[in-house]
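Working notes, beginning with the structure itself.
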Amino acid sequence: MTRPDNGSAWVYAGFWIRVWASVIDSVLLLFLIFPLLSLIPGAARDSATASRLLSPSGRINFDALTPAPPGPLHILLYWILPAAVVMIFWLTRAATPGKMAIGARVVDAQSGERLRPGQSLLRYLGYYVSTLPLGLGLIWVGIDSRKQGWHDKLANTVVIRRRRTVEPVHFEAADESSGAHTGWNNE
């Protein structure tokens, strides 16, 4: 299905449910990236020696005080791989696994269709724009009437999910004359 059915009740996905989806996506990306780091020689810093402030001889280990320069493998694993995975999910499934878990989709704000490749790239780059000013562009989801963050506004996208239909609670009136007990203590 390329476009949400107009007969269904769709609503904009709000701030907190999208935070939950992001947590799920972040954990899944960690499970993908960290095993790759351990398999590729030189991709991760030697944490056994680099994290110790004092060397075994008692001298200060200056390697522990300097950050490791990002090499090509760092750029590939920390920047390009996550971006590619997220954009592939948007283009093929209209959602990342976290958004799938909450029943949400990322769609074009005007047509409701799946994202185009350029739109997907712009939305991903828009995350940086949204994050840099103290996360204000992400918090904007909680303020905006269409629940769009700055990354959504830049790429002309919205995140939607099916409205949950909640059945109201109905209680049968207890017949006081028959002495029926409702289960509540009237103390």
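The values are calculated or read from the model by the stated rules, or taken from the named source; none is laboratory data. Just so it is clear, the model here is predicted, and its values are computed rather than measured. We place every Cβ from the backbone using ideal geometry, glycine too, and count neighbours over all the protein chains shown. Accessible surface is based on the protein model in full, side chains and every heavy atom, while ligands, DNA and RNA are left aside. Shrake-Rupley method; radii C 1.70, N 1.55, O 1.52, S 1.80 Å.
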query: Alpha carbon centre of the range 110-174 versus the range 9-26: separation in Å?
result: 7
- line: Reported to the nearest 10 Å², Ile88 has, with a 1.4 Å probe, an accessible area equal to 100
- request: Quote the accessible area belonging to Ser57 in square angstrom, nearest 10, computed with a 1.4 Å probe and with ligands, DNA and RNA left uncounted.
  value: 100
message: Taking R0 as 30 Å, what FRET efficiency do you get between Ala109 and Leu36 from their Cβ-Cβ distance, rounded to the nearest 0.05?
response: 0.30
Theoretical gain in end-to-end length, Ser26 to Leu91 [0.36 nm per residue, Cα-Cα removed]: 21.5 nm
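Taking the radius of gyration and the Kirkwood hydrodynamic radius from Cα positions alone, what is the Rg/Rh ratio for the range 95-152, to two decimal places?
0.97
Starting from the Cα-Cα distance between Ala84 and Val169, subtract it from 0.36 nm times their residue separation and give me the gain in nm to one decimal. Walk me through the numbers before you get to the answer.
Working: separation 85, 0.36 × 85 = 30.60 nm, distance 4.55 nm.
So the extension gain works out to 26.0 nm.
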task: Determine one quarter of the surface area of the Cα convex hull of the range 70-120, which equals its mean projected area, and express it in nm² to one decimal.
output: 4.1
- prompt: Asn156's amide H: which non-local residues (gap 5+, or another chain) put their own amide H closer than 5 Å, with H modeled 1.01 Å from N in plane and none for Pro or chain starts?
  reply: none
